[in-house]
Amino acid sequence: MNKLLLFIILFFLQFSQGYAYNSTNNIKRNGNIIEISSGNQQYRIELCTSSMFRLRLAKNNEFEMDEPWMVVNYKWDLLSYILTQKKNEFIIKTNDLIIEGTLMPFKLKVYNKQNQLINADAKVENAIGYKGDTAYCYKQLFADEHFFGFGERMDFIDQRGKMIELHVGRGIGSDHIEGAYNILKANYSPVPFMMSTRGYGIFFHNAYKSVWDMGYSNAGLYSFRATGGEIDYYFIYGPAFTSIIEQYTRLTGRTPLMPRYALGLHVGTYSGGTWGHEELTSQYYVIQLARKLRELGIPADILHLDSTWRIFGKKSGKGGTTFEWRQPGFFNPKAMFDTLYDLNYQMVGLHIRPRLDNGEKNNYLDMAQQAGITYPENDNPGDFPDFFNQTSVDWWWKNCLLPLAQTGCRFVKTDEGSAFGHLGNEVNRTGPTGKEIEKLHNLFPIAYAKAPFEHFMIFNESRGMNHTREGFAGIQRYPFIFAGDWPSEWQYFHPVIRGGINCGLSGIGAWTHCMGGFEHVADPELYIRWCQFGMFSPIALLFGMEHPNYKEPWNYGDKALSIFREYTQLRYKMVPYIYSSYYNMYKTGLPIMRALVLHHTDDQNTYNIDDQYYFGDNLIICPVTVKNAVSRIVYLPEGNWYDYWTGKKYAGKQFILVKTPIEKLPVFAKAGAIIPMQSVSAYIGKNLPDTLHVEIFPFQHSSFELYEDDGVSLDYQKGIFSVTKIECTENEKNITITFHPASGPFKTIHNNYQIEIHLDAKPKSLYAQYHDHQESLREVNAESGKNGWRFDADSRLLIISSMPDQSEGFSVTITK
């Protein structure tokens, strides 16, 4: 009797407390997937690679179907690992990670292969689970831990101690200062992904609105929770941030190469008539703008016409798109497009919004509703095309965009992607509502950008390009995004820089902003400083809506015009460097605009630096964000660095003060930097430069891989490109620069090479080593125009001019 009573007591204790190990707790192994039953909960751990796993908790005993919008890679190679279980505990060992778990309660600890703890579920009763619709997870917060990522955040870079809401949109309210211009509420492109300085990243694979408490409420733990959906997150071990970004973008997709000319200047225009001045819009204004840029020697390749090209809709006004040209200003759009292309502009695009509307002639809203391709809104057919449905997308393209494409439009600016299931900026309606819409709201900007990106790519028979404002995890696959409508005030300049840096930390590399700000007439000094930064951004975009200035450089004074032209031309010179950096982003996921912490995670000085960034591998850009500043403090990370303009050398891992005259944007080149360049041209076009310029800051041994292809087609995805490795080796006596033969099937021919080397003193001699012979290089003066070398003592620059193309490679040795 006593034994029976004891058994009954133990049985009820087991289930009342919920933590005792019992027969319902079991583990099943099926390839890379480990199914875990813990009481009445079903967990799934999928080992994607030896350094990345996916954890899921079934909701109502079911796992959701895999979605195609955020994640594009669900197939992983079979992995070798060890799984052991002992009563309430289990251990999974891969080549990189040790995952220790308990079944009741279910909790995980993650160690690296050196058996160092890197992440652990929080020491709370239920660290992971559901409370109503809310899915939540609590983690331990370590004293040395800092967090980066979360998308296009304008507020902070290091998010330790912060509370973050990730939900596509911006501040709401008639008072723009507290609403649309509120950097704390800016959420144009949130991404539920972060990286920890303990060497791991977490991607919360959930499209609902999420809140991340990164030690704000409790200094000893952090949490993430979503208003719906399931617990589904990827744990990614680096430990380097560069490795975490590489793995995250392998999961959610890489940024494809845009046409090479997309790296040139983009110019947006309201065609002479912004809101309130629509009657002034004219195709003549657009053509005159394009001609003036050419006449003033300002290179440019891309134009887009913003919202006043079309008449506003009968139902939604400015918030809807009629796809109907405004009259009488655009009386012959095809002639306008033809003229712009004759002026060697490579792509001309148009602004749209997602809501369809009826115009004077086009009744696309009525047609779409009759065709059943709009997303229902409560009791009516709605005015948003269902961009989640391919049939709807195809109808939208065929009826709305194809006629514009046939006229000459080559891309669109997909604005207002946040309006689906959210209060629109120009329409006092939220569109579709309900629980399903809560899930689709954050995904809508991806579907909205994907539709024209893919259709224009087919129509143009070239690489895709789309200009969009909103995004979420995965938006990097449809480049590019811009930072939104920030006013031309000093207080918003720095946050925009911060937003670009955070985008790069979140896997979004093709990013831009409106140089000089979007709204209001800019202070000329602010205009200059912002445009300097803009030319060293991943995409260079000039666009503003203030009438009548429109951010056009000649409207901001002669000095602004001169500096704008100088920095635009410098960007065009650097296209080979920028393009090679874009290919590296396509290959590895590493952004072009990189936070210092991305490369220097062990240097706490970099954790809060949000006004400097790497531009590619070799340059650090330091915008001036304070009015009337005559100097600024710059942090140089570990290594040696050169002032790009003067050649002055600095030791790294220190703060320095640099002077900042208005014409100077502080730029620093890493010691060993190799920067391929080209001659300035009015436009990039489709042809490679005849002369390749290479600027070098010698230090020990360094190299750079120059990437080249046809610049337009998708052949690069088939391996049809070339890579030329350029090396520089310095010792006490000599410097040797080697151009290796180009590898790859794409044929590149540079008729000339010009090499510029930063040296402290004039060299004694130079000779070139070709495939079958060696020859001395002669010293010439600048005025002679002859081939050879010369040394400029003032700039401490050695210039070697007109080295002939050598398909089998060559080297130059400099004797100090």
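For the stretch 640-777, the per residue solvent-accessible surface stands at 48 Å², with DNA, RNA and ligands left out and a 1.4 Å probe. With a cut-off of 10 Å between beta carbons, the residues surrounding residue 109 carry a summed charge of -1, where Lys and Arg count +1 and Asp and Glu -1. Among the helices of the chain, those built from whole DSSP H runs whose Cα atoms reach 20 Å or more along their own axis and whose mean Kyte-Doolittle hydropathy is at least 0.5 are 2-17, 444-460.
The mean sequence separation of alpha-carbon pairs under 8 Å and at least six residues apart, normalised by the residue count of the stretch 197-257, gives a relative contact order of 39 percent. Couplings for the stretch 92-101, taken from phi via the Karplus curve 6.51 cos²θ - 1.76 cosθ + 1.60 with θ = phi - 60°, read 10, 10, 10, 5, 10, 10, 10, 10, 9, x Hz in order; Gly and Pro are left as x.
In loop segments of the stretch 29-92 as defined by DSSP, the trypsin sites (Lys or Arg not before Pro) with at most 15 further C-beta atoms inside 10 Å of their C-beta are 75, 87.
Of the trypsin sites (Lys or Arg not before Pro) found in the stretch 342-416, the ones in coil according to DSSP and having at most 15 other Cβ atoms within 10 Å of their Cβ are 361. The GluC sites (Glu not before Pro) found in the stretch 728-816 that occupy coil by DSSP, while having at most 11 further C-beta atoms within 10 Å, are 732, 783, 808. Each Cα pair under 8 Å and six or more residues apart adds its separation to the average, and for the stretch 39-92 the resulting relative contact order is 25 percent. The Cα center of the stretch 27-47 and the Cα center of the stretch 504-534 differ in position by 48 Å. If you take the beta carbon distance between residue 174 and residue 775 as r and set R0 to 60 Å, what does 1/(1 + (r/R0)^6) give as a FRET efficiency, to the nearest 0.05? Efficiency, from the Cβ-Cβ distance: 0.20. Counted over all Cα-Cα pairs of the chain, pairs farther apart than 43 Å make up 34 percent. Counting only protein heavy atoms and a probe of 1.4 Å, the accessible surface of the chain is 49% carbon and sulfur. For the chain, the relative contact order is 9 percent, taking Cα pairs closer than 8 Å that sit 6 or more residues apart in sequence and dividing their mean separation by the residue count. Taking all protein chains into account, the per residue accessible area for the stretch 447-556 stands at 17 Å² (1.4 Å probe). For the peptides 563-573, 621-631, the ranking by mean Cβ contacts within 10 Å, running from highest to lowest, is 563-573, 621-631.
Go ahead and run the numbers for FRET between residue 433 and residue 640, Cβ-Cβ distance against an R0 of 56 Å, rounding to 0.05. Efficiency at R0 = 56 Å is approximately 0.45. Computed with every protein chain present, the accessible area of residue 803 is close to 10 Å² [probe 1.4 Å]. For the stretch 165-207, the solvent-accessible area with a 1.4 angstrom probe is 31 square angstrom per residue. Within the shell of other residues whose beta carbon sits under 9 angstrom from the beta carbon of residue 789, the net charge comes to +1, with Lys and Arg scored +1 and Asp and Glu -1. The figure for residue 365 is an accessible area of roughly 10 square angstrom, using a 1.4 Å probe on the protein chains alone. Taking 0.36 nm per residue of separation and subtracting the current Cα-Cα distance, fully stretching the chain between residue 126 and residue 663 would add 187.5 nm. Anything over 25 Å Cα to Cα? Flag those among 185/670; 59/93; 28/107, in the order listed. Cα-Cα > 25 Å for 185/670; 59/93; rest within.
Think of it as helices only: each DSSP H run of n ≥ 4 in the chain is worth -39500 (n - 2.57), and spread over all residues that comes to -6000 deg cm²/dmol at 222 nm. Rolled with a 1.4 Å probe across the full set of protein chains, the surface gives residue 679 an accessible area near 60 Å². Charging the Cβ of each Asp and Glu at -1 and of each Lys and Arg at +1, and nothing else, the dipole of the chain about its Cα centre rounds to 1320 debye.
The values are calculated or read from the model by the stated rules, or taken from the named source; none is laboratory data. Treat the numbers as computed from the prediction; the structure is a model and nothing was measured. Because the Cβ atoms are built from the backbone with ideal geometry, glycine has one as well, and the counts that use them run over all protein chains shown. Just so you know, the surface numbers come from the protein's heavy atoms only, side chains and all, with ligands and any DNA or RNA stripped out. Shrake-Rupley method; radii C 1.70, N 1.55, O 1.52, S 1.80 Å.
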